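Structure first, commentary second.
Just so it is clear, none of the values below were taken in a lab; they were calculated from the coordinates. Source: prediction; values computed, not measured. With ideal geometry, Cβ positions are generated from the backbone for all residues, glycine too; neighbour counts draw on all protein chains shown.
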Amino acid sequence: MAVEEDKANSDGASSSFALDEGNFYDLVIDGESNKVMGDKPWFIKFYSPWCHHCKQLKPTWEELHTKNKDSLNVASVDCTTFNGIKLCNSFTI
């Protein structure tokens, strides 16, 4: 399954994988075994685009992704989108 990269500029997201309820259980966690999938660890940011702290984290998150994309999956979940809210709620965020 192809993963869409989040290219948003002003909302606190980074150039990392964009995750939500629609793709999280296909890419990150196996829904049946509840085990992490893939050959690299996942580093996931749950954020809100209006959050000042999330916006401040953006450059660091982009740098983390750029410097570690060969050894780490760096992803973001927008907790204000329809499918993002569902995923964030399932993790009590």
Would you grab the residues whose amide H sits under 5 Å from the one on Lys45? Only those 5+ places off in sequence or on another chain, please, with H modelled 1.01 Å from N.
Ala75, Ser76, Val77
Ordered by residue, what ³J(HN,Hα) values in Hz, to whole numbers, does the range 38-53 give under the Karplus form 6.51 cos²θ - 1.76 cosθ + 1.60, where θ = phi - 60° and Gly and Pro are x?
x, 9, 10, x, 9, 10, 10, 9, 9, 9, 10, x, 8, 6, 4, 5
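In percent, what relative contact order does the range 36-93 have, based on Cα pairs under 8 Å that are 6 or more apart in sequence? Walk me through the numbers on the way to the answer.
On the way: 50 pairs, mean separation 25.1, N = 58.
Averaging sequence separation for qualifying contacts and normalising by length gives 43 percent for the range 36-93.
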Which of the GluC sites (Glu not before Pro) found in the range 14-80 are loop residues per DSSP with 15 or fewer other Cβ atoms within 10 Å of their Cβ?
Glu32
